[in-house]
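J.: Here it is: the structure, laid out below.
Nothing in this text is a laboratory measurement; each read-out follows from the coordinates by a stated rule. Here the structure is a predicted model, which is why all the values come from computation and not from measurement. Positions of Cβ are generated from backbone atoms using ideal geometry, with glycine treated the same way; all protein chains shown enter the neighbour counts.
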Amino acid sequence: RMDSEIVMKTLYNKHYYDMTNWESIHIEALVMERLTSSPRIADIYGHCGFSIMSEFLPFELEEDSTWNDGMIQMNELNDDVNNEFSINEKLIISLSMAEAIADLHGFQDGVIVNNDIQLGQFLFTEDYKLKLNDFNRAEIMLFDEKLGKYCPYKNGVGDGNLRAPEEYKDEPLDEKIDIWSLGTNIYTLLTGLYVYF
């Protein structure tokens, strides 16, 4: 639509303008372009160098999912749910998150791993449709014709709270790491708390 708002996503000022970061942005643009047909992936309108022009998604899921930054001490845990989503909304959001990841993993030209699933990557459109955004860590898995299967890859030792155990151990990785992260995000959506505190 000609009256749609857009956003210009560019390299964060703490990062260097080097080939590693250029490649990350290039991968993100490639993934968004290849998945244009998915209603669950953010739309891209253009890409040049260190910038991507994409649709404006005004609402972030993470902002509404946690209370008090989602961190709480063990002795403060109780049965209170720390967000305002209804059970039906949580179910619909969880399903939408899973479907977006399924679009990546089931892509017709091969498996794409997001490699960084977190609530902040899921954004709502103005009419509250959930879309997955941010693919700068994505891994397009290579296929071994001789063995007839996808080749695992490595990222080095992972950091962050939502990583799968094999990422912390620097073991070979595949699309299953996104499923682990999806589970931790659904936990946060259900409880309003992060899995790790």
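J.: Pull up the range 141-170, narrow it to residues that are aliphatic (A, V, I, L, M) and in contact with an Asp or Glu (Cβ under 9 Å, 6 or more places away or on another chain), then point me to the one that is nearest to residue 39 (Cα to Cα). Show your work before the answer.
T.: So in the range 141-170, the residues aliphatic (A, V, I, L, M) come out as 141-142, 147, 157, 162, 164.
Narrowing further to those that are in contact with an Asp or Glu (Cβ under 9 Å, 6 or more places away or on another chain): 141, 157, 162, 164.
Values: 141: 22, 157: 33, 162: 25, 164: 27 Å.
Among residues in the range 141-170 that are aliphatic (A, V, I, L, M) and in contact with an Asp or Glu (Cβ under 9 Å, 6 or more places away or on another chain), the one nearest to residue 39 (Cα to Cα) is 141.
Yes or no, residue by residue, for (1) among the acidic types (Asp, Glu); (2) over 21 Å from residue 162 (Cα atoms):
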{"position": "100", "(1), (2)": "no, no"}
{"position": "104", "(1), (2)": "no, no"}
{"position": "108", "(1), (2)": "no, yes"}
{"position": "114", "(1), (2)": "no, no"}
{"position": "119", "(1), (2)": "no, no"}
{"position": "126", "(1), (2)": "yes, yes"}
{"position": "133", "(1), (2)": "no, no"}
{"position": "140", "(1), (2)": "no, no"}
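J.: Which of the following residues is more than 21 Å from residue 40 (Cβ to Cβ) and not hydroxyl-bearing (Ser, Thr, Tyr): 148, 106? So that I can check it myself, show each step before the final result.
T.: Working: 106 fails: more than 21 Å from residue 40 (Cβ to Cβ).
Being more than 21 Å from residue 40 (Cβ to Cβ) and not hydroxyl-bearing (Ser, Thr, Tyr) holds for just one of 148, 106, which is 148.
J.: Separate question: Being buried (at least 17 other Cβ atoms within 10 Å of the Cβ) and touching a strand residue (DSSP E or B) at 6+ places or on another chain (Cβ under 6 Å) is the filter here; which residues of the range 51-65 pass it?
T.: 52, 54, 57, 61
J.: So which residues in the range 1-35 are surrounded by fewer than 12 Cβ atoms within 10 Å (Cβ to Cβ) and either touching a Cys at 6+ places or on another chain (Cβ under 9 Å) or assigned to a loop (DSSP other than H, G, I, E, B) (or both)?
T.: Matches in the range 1-35: 1, 2, 3, 4, 5, 12, 13, 14, 16, 17, 18.
J.: May I pose another question? Go through the range 158-191 and give me each residue that's in contact with a Gly (Cβ under 7 Å, 6 or more places away or on another chain) and either assigned to a loop (DSSP other than H, G, I, E, B) or exposed (fewer than 15 other Cβ atoms within 10 Å of the Cβ) (or both). Don't jump to the end; show me each part of the working.
T.: Step one: list which residues in the range 158-191 are in contact with a Gly (Cβ under 7 Å, 6 or more places away or on another chain), which gives 167-168, 170, 188.
The answer is 168, 170.
J.: Of all residues in the range 127-157, count the ones that are within 21 Å of residue 182 (Cα to Cα) and either among the charged types (D, E, K, R) or not in a strand (DSSP E or B) (or both).
T.: Counting residues in the range 127-157 that are within 21 Å of residue 182 (Cα to Cα) and either among the charged types (D, E, K, R) or not in a strand (DSSP E or B) (or both) gives 16.
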